[in-house]
1. Mind checking which residues of the stretch 1-55 are touching an Asp or Glu at 6+ places or on another chain (Cβ under 9 Å) and of a type in the set (Phe, Trp, Tyr)?
2. Going by what's in this entry, would Asp116 be described as out of contact with any helix residue (DSSP H, G or I) (no Cβ under 6 Å at 6 or more places or on another chain), within 21 Å of Leu10 (Cβ to Cβ) and acidic (Asp, Glu)?
3. Please give the number of the condition Gly43 fails out of (1) closer than 18 Å to Met107 by Cα; (2) touching a helix residue (DSSP H, G or I) at 6+ places or on another chain (Cβ under 6 Å); (3) of a type outside the set (D, E, K, R).
4. Identify, by number, the condition in (1) acidic (Asp, Glu); (2) modelled with pLDDT of 95 or more; (3) under 30 Å from Glu141 (Cα atoms) that Glu70 doesn't meet.
5. Residue by residue through the stretch 25-34, note down the ones that are surrounded by 14 or more Cβ atoms within 10 Å (Cβ to Cβ) and either of a type in the set (Gly, Ala, Ser) or assigned to a strand (DSSP E or B) (or both).
6. If you take just the strands (runs of 3 or more DSSP E) that sit entirely in the stretch 35-109, which of them hold at least 3 residues that are within 23 Å of Gly156 (Cβ to Cβ) and touching a residue at least 60 places away in the same chain (Cβ under 8 Å)?
7. How many residues are touching a Pro at 6+ places or on another chain (Cβ under 9 Å) and surrounded by 21 or more Cβ atoms within 10 Å (Cβ to Cβ) when one looks only at the stretch 86-109?
Amino acid sequence: MARKPIQFRLNGKDEAVFVEEGQNLLDALRRQVGDTSPKYGCGQGTCGACTVLVDGEPRLSCLMLAESAEGASIETTAGLAGAELHPLQRAFLDGFAAQCGYCTSGMLMSAKALLDRNPSPTREQVVDAISGNICRCTGYEPIIDAILDAAARGAGRRSA
């Protein structure tokens, strides 16, 4: 199988890797780059655990071809925290919005995309933004509350 070089920006850092034809972005991020923060869940785009931001938009990295990330800016949960936790991460911790934690990275990235474009969302807008992410533990209420709390803490428009 042919390998193709691609370059992209990951969490503010330039990356260059060789990917196999047909390889998905999730696999490239985890295996070639070493960013294991996006999780492998279902592998078919139904759970949202692999959600990353590509040029600011939430994308299911298990369905996106790695070679289509050429020149893109990609954000994962590994890039959220700086010297301190991102307000979304802090709100998830404070609000007990993660139990097993498997969905958390996808939820955080979907929430970040929402808050970046709408710093003061309604509860309904939060529900809509995370509708592609499945959580089997929390019943969603703590997650929704945490996202609204993060919005109140000024999480919108904060850089990764």
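The values are calculated or read from the model by the stated rules, or taken from the named source; none is laboratory data. For clarity, every value in this text was computed on a predicted model and none was experimentally measured. Counting neighbours? That spans all protein chains shown, and the Cβs are built from the backbone with ideal geometry, glycine included.
1. Phe8, Tyr40, listed by residue number.
2. Criteria met by Asp116.
3. So the condition that Gly43 fails would be (2).
4. Just one mismatch for Glu70, condition (3).
5. Residue satisfying the conditions is Ala28 alone.
6. Strands (runs of 3 or more DSSP E) meeting the threshold: 73-75.
7. Keep residues of the stretch 86-109 that are touching a Pro at 6+ places or on another chain (Cβ under 9 Å), which gives 92, 95-99, 105-106, 109.
Cutting the leftovers down to surrounded by 21 or more Cβ atoms within 10 Å (Cβ to Cβ) gives us 92, 97-98, 105-106, 109.
The qualifying residues number 6.
Quick grid of which residues meet (1) at pLDDT 95 or above; (2) more than 26 Å from Ser73 (Cβ to Cβ); (3) charged (D, E, K, R):
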position: Cys100; (1), (2), (3): no, yes, no
position: Lys112; (1), (2), (3): yes, no, yes
position: Ser120; (1), (2), (3): yes, no, no
position: Ile134; (1), (2), (3): yes, yes, no
position: Cys137; (1), (2), (3): no, yes, no
position: Ile147; (1), (2), (3): yes, no, no
